[in-house]
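Since the structure comes first, as structure tokens, the remarks are kept for the end.
The values are calculated or read from the model by the stated rules, or taken from the named source; none is laboratory data. All figures in this text were calculated on a predicted structure; none of them were measured in a lab. Here the Cβ positions follow ideal geometry from the backbone for every residue, glycine too, while neighbour counts run over all protein chains shown. For the accessible areas, the whole protein counts, side chains as well, though only heavy atoms, and no ligand, DNA or RNA atoms are used. Shrake-Rupley method; radii C 1.70, N 1.55, O 1.52, S 1.80 Å.
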Amino acid sequence: SAFTITVTDVATGSATLSWTPPTQNDDGSALTNLAGYEVRYGSDQGNLDQSIQLTNPSLNTFVVDSLTSGTWFFAVRSVNSAGVSSQLSGVASKTIS
């Protein structure tokens, strides 16, 4: 099932993302082969053109740094051991001044 992320202020130029790891596949079956996550982000909510692959399935937070001034948008999705990705989470944002 879908999961949400939260963006927390840490310092100028960075954003801390946190999420609750999923326990089910999109079809409702138990998720037994979680391999990691893909963090997608960008300065345009409709075009999250940057990504970071996280290969540790036990993670539930990640800091994105080196962000320039402006509003940044973030989403995350889970990836299983076969490389199949879930749908993206809802989009969260943070403004860097």
* Treating the beta-carbon of each Lys and Arg as +1 and of each Asp and Glu as -1, no other charges, what is the dipole magnitude of region 22-97 about its Cα centre, to the nearest 20 debye? -> 120 debye
* Asked: Using mean Cβ contacts within 10 Å as the protection proxy, how do 15-25, 42-52 order, highest first?
  -> 15-25, 42-52
* Structure fact -> Residue-normalised value, i.e. accessible area per residue, for the chain at 1.4 Å probe, in Å², stands at 55 Å²
* Mind listing the phi-derived Karplus ³J(HN,Hα) values for region 82-90, rounded to whole Hz, using 6.51, -1.76 and 1.60 with θ = phi - 60°, and x for any glycine or proline? -> 8, x, 7, 9, 7, 5, 5, 5, x
* Structure fact -> Diffing region 92-97: the Karplus 3J(HN,Hα) column from phi (6.51, -1.76, 1.60, θ = phi - 60°), in whole Hz with x for Gly and Pro, holds 10, 9, 8, 9, 9, 9
* Run the accessible area of the chain with a 1.4 Å probe and give the carbon-and-sulfur part as a rounded percent. => 46 percent
* Structure fact -> Hits in region 56-78: amide N under 19 Å from the 7 Å Cα→Cβ extension of Thr23, namely 57-61, 78
* Structure fact -> GNM on the chain, Cα springs under 10 Å; top mean-square fluctuation among Val79, Val64, Val39 goes to Val64
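Sort the following peptides by mean Cβ neighbour count (other Cβ atoms within 10 Å, averaged over residues), highest first: 53-59, 67-73.
67-73, 53-59
Once the Cα gyration tensor of the chain is found, what semi-axes does its equivalent ellipsoid get, as square roots of 5 times the eigenvalues, in whole Å, sorted largest first?
Values for the chain, descending: 25, 12, 11 Å.
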